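The values are calculated or read from the model by the stated rules, or taken from the named source; none is laboratory data. This structure is a prediction, so every number in the text was calculated from the model and none was measured. When we count neighbours, we look across all protein chains shown, and the Cβ atoms used for this are built from the backbone with ideal geometry, even at glycine. Protein only, heavy atoms only, side chains kept; ligands, DNA and RNA dropped before computing areas. Shrake-Rupley method; radii C 1.70, N 1.55, O 1.52, S 1.80 Å.
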Amino acid sequence: MTTPAQARSFDAAAAVYAANRPSYPPALLDAVEELAGLRLAGSRVADVGAGTGLGTALLRARGARVTAVEPGDGMAAQLRRTLPGVPLVRGDGDRLPLRSGSCDLVTYAQAWHWTDPERSVPEARRVLRPGGALALWWNDSDATVPWVAAQDARLRHFFGAEETAAAQDGGGP
Ligand SMILES: C[S@@+](CC[C@H](N)C(=O)[O-])C[C@H]1O[C@@H](n2cnc3c(N)ncnc32)[C@H](O)[C@@H]1O
């Protein structure tokens, strides 16, 4: 369960996010095209929770006609600076400010978890044309890479995840 304050927490760090957040590999967009059964070139795409525009920029580079949807003031301002030519509408995935049937594809790059699926699923269905697709993706760390595994262990230790897991194990029947 996320709170509105958590969902807006990106805004204060939008410039740092834009400077440091890694983008996504080309293979991701290849997979989107394959799984959604469409070519991005010429497709009408809503990139929801667009943030600073990492996913938006990649979709646009493939020739998609992208509209960015972003609720946060700071992230939206950063996207306007980064991608001044991209249409940006303010709103969120639970109440999409888009016409019914107006999209071939709706994407959420690391943003779907901020929505309420009871609302965001019907909203995505509403704005998609029949046969359109919803694509959701997240970065995940690859624990087979030694330095990634070591960092994950440090983070778990720092945030007390081991203690929480041990307490939960001890609390069961
Ligand atoms: C981790 S960032 C991802 C930004 C961008 N898509 C990317 O790939 O870098 C999550 C974004 O979701 C936005 N967000 C928060 N609540 C949302 C909601 N209910 N619907 C859509 N986006 C939301 C935040 O403002 C933020 O820009």
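Taking the DSSP bridge list for region 1-138 and keeping only pairs wholly inside it, about 5 percent are antiparallel.
Label-to-label distance, Arg65 versus Ala150, with points set 7 angstrom from Cα along the beta-carbon direction: 5.1 nm.
Of the listed residues Phe10, Phe159, the order by accessible area with a 1.4 Å probe, largest first, is Phe159, Phe10. Extension gain, Asp30-Arg129: 0.36 nm per intervening residue step, less the Cα-Cα distance, totals 33.5 nm.
Got a sec? Which residues in region 40-55 would a label at Asn139 touch, if it sits 7 Å along Cα→Cβ and we count backbone N under 12 Å? Those under the cut-off are 54-55. Across all directions, the average projected area of the convex hull around the alpha carbons of the chain is 12.4 nm². Packing here is the average count of other Cβ atoms within 10 Å per residue, and on that basis the peptides 18-29, 98-109, highest first, run 98-109, 18-29.
Across the chain, the relative contact order, built from alpha-carbon pairs under 8 Å that are at least six residues apart, equals 19 percent. Taking packing as the residue-averaged number of other Cβ atoms within 10 angstrom, the listed peptides 54-63, 149-158 run from highest to lowest as 54-63, 149-158.
Relative to the dominant Cα principal axis of the chain, helix 146-158 is inclined by about 70°. For region 95-153, the alpha-carbon coordinates run over 47, 21, 15 Å along the three principal axes, in decreasing order. Treating only the Cα positions of region 79-118 as identical point scatterers, give the base-10 log of I(q)/I(0) from the Debye formula at each q in 0.17, 0.25, 0.27, 0.30 Å⁻¹. Taking Cα atoms of region 79-118 as identical point scatterers yields -0.59, -1.14, -1.21, -1.24.
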